[in-house]
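Engineer: Could you have a look at this structure, given as structure tokens, before my questions?
The values are calculated or read from the model by the stated rules, or taken from the named source; none is laboratory data. Remember, it's a predicted structure, so these values are computed and weren't measured experimentally. Cβ: placed from backbone, ideal geometry, glycine included. Neighbour counts: every protein chain shown.
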Amino acid sequence: MNVRCELNINGKSRRIMLVAKEEETPEHVALRLTAAILFFDSEPVVEVSPNDPLLADFGFTPDLMVPDGTGGVAVWVECGNIANNKLTKVARRIKEGRLVALKENPEGGGRLRKVIEHEVRNGEKIEVWAWPKADFAKWVASVRESNYVYGEASGQSLNLVLNEAAFDVQLVSC
């Protein structure tokens, strides 16, 4: 499933295409769209190539990345289920940047936070954000192959319209 999006966020416009990998669920793609909107002002890379020179030291590819402009990663975003091994290695290798994990609901975010605390070295670097459960179900149901998004995003806050559905959401820190 490819998801085309015309984004009009914070007074700026951009078109993006999210190309879902074979194993990606609609929920995962919806989280990737969330990340693209949350970090819209930083001009994120939404389709990250494993051959990107910025990733040479990581051995992994993020769901979304914001380059820092000096050859490093400012923001590394993971969506949905994330392997502990990947979190550990990225948290260790990211220098000055942020590592953000987006989850479908606060319960899943809380479980991930507990795993991070017990099993991931440098876990204090990892930010875990989760959608309120009912809002995420509405978000996923609103995502189509062709999307129009208009509104504002700041920090963990979304105040926007996706196609015909309005959202005023504060993602939960876990």
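Engineer: Starting from residues that are among the hydrophobic types (A, V, I, L, M, F, W, C) and modelled with pLDDT of 95 or more, keep the ones in segment 19-35 and report whichever is nearest to residue 76 (Cα to Cα).
Structural biologist: Among those residues, the one meeting the criterion is 35.
Engineer: Among the listed residues 71, 59, identify the single one that is free of Cβ contacts under 8 Å to residues at least 24 places away in the same chain and more than 30 Å from residue 165 (Cβ to Cβ).
Structural biologist: Working: 59 fails: free of Cβ contacts under 8 Å to residues at least 24 places away in the same chain.
Of the residues listed, the single one that is free of Cβ contacts under 8 Å to residues at least 24 places away in the same chain and more than 30 Å from residue 165 (Cβ to Cβ) is 71.
Engineer: Name the one entry in 84, 10, 2 that is under 25 Å from residue 130 (Cβ atoms), touching a strand residue (DSSP E or B) at 6+ places or on another chain (Cβ under 6 Å) and touching a residue at least 24 places away in the same chain (Cβ under 8 Å). Steps first, answer last, please.
Structural biologist: On the way: 84 fails: touching a strand residue (DSSP E or B) at 6+ places or on another chain (Cβ under 6 Å); 2 fails: under 25 Å from residue 130 (Cβ atoms).
Residue meeting the stated conditions: 10.
Engineer: If you take the residues of segment 130-174 that are among the hydroxyl-bearing types (Ser, Thr, Tyr) and under 25 Å from residue 19 (Cβ atoms), which of them is surrounded by the most Cβ atoms within 10 Å (Cβ to Cβ)? Talk me through it step by step, then tell me what you get.
Structural biologist: If we filter segment 130-174 for residues that are among the hydroxyl-bearing types (Ser, Thr, Tyr), which is where we start, we get 142, 146, 148, 150, 154, 157, 173.
Retained after the next criterion (residues that are under 25 Å from residue 19 (Cβ atoms)): 142, 146, 148, 150.
Details: 142: 18, 146: 10, 148: 14, 150: 13.
The selected residue is 142.
Engineer: Looking at segment 69-87, which of the residues that are closer than 17 Å to residue 116 by Cβ and of a type in the set (S, T, N, Q) is nearest to the chain's Cα centre (by Cα)? Before you say what the answer is, go through the steps one by one.
Structural biologist: Step one: filter segment 69-87 for residues closer than 17 Å to residue 116 by Cβ, giving 76-87.
Those left that are additionally of a type in the set (S, T, N, Q): 81, 84-85.
Numbers: 81: 12, 84: 17, 85: 19 Å.
Ranking the qualifying residues of segment 69-87, first place goes to 81.
Engineer: Of all residues in segment 28-53, which are surrounded by fewer than 18 Cβ atoms within 10 Å (Cβ to Cβ) and part of a helix (DSSP H, G or I)?
Structural biologist: The answer is 41, 42, 53.
Engineer: Assuming residue 8 fulfils every condition listed in (1) assigned to a strand (DSSP E or B); (2) under 17 Å from the mean Cα position of the chain (by Cα) apart from one, which condition is it?
Structural biologist: (2)
Engineer: Sticking with this structure for a sec: List the number of the failed condition for residue 52; all other conditions in (1) over 15 Å from the mean Cα position of the chain (by Cα); (2) under 23 Å from residue 155 (Cα atoms) hold.
Structural biologist: (2)
Engineer: Right, another one. Does residue 61 qualify as being under 16 Å from residue 102 (Cβ atoms), assigned to a loop (DSSP other than H, G, I, E, B) and either among the polar types (S, T, N, Q) or within 12 Å of the chain's Cα centre (by Cα) (or both)? Walk me through it before giving the result.
Structural biologist: Details: under 16 Å from residue 102 (Cβ atoms): yes; assigned to a loop (DSSP other than H, G, I, E, B): yes; either among the polar types (S, T, N, Q) or within 12 Å of the chain's Cα centre (by Cα) (or both): yes.
Against the criterion (under 16 Å from residue 102 (Cβ atoms), assigned to a loop (DSSP other than H, G, I, E, B) and either among the polar types (S, T, N, Q) or within 12 Å of the chain's Cα centre (by Cα) (or both)), residue 61 qualifies.
Engineer: Given segment 65-174, what helices (runs of 4 or more DSSP H) lie entirely inside it while holding 1 or more residues that are among the hydroxyl-bearing types (Ser, Thr, Tyr)? Working first, answer last.
Structural biologist: On the way: elements: 84-93, 106-119, 133-142.
In segment 65-174, the matching helices (runs of 4 or more DSSP H) lie at 84-93, 133-142.
Engineer: Could you identify the single residue in 103, 95 that is within 26 Å of residue 68 (Cβ to Cβ) and under 14 Å from the mean Cα position of the chain (by Cα)? So that I can check it myself, show each step before the final result.
Structural biologist: On the way: 95 fails: under 14 Å from the mean Cα position of the chain (by Cα).
Exactly one of 103, 95 is within 26 Å of residue 68 (Cβ to Cβ) and under 14 Å from the mean Cα position of the chain (by Cα), namely 103.
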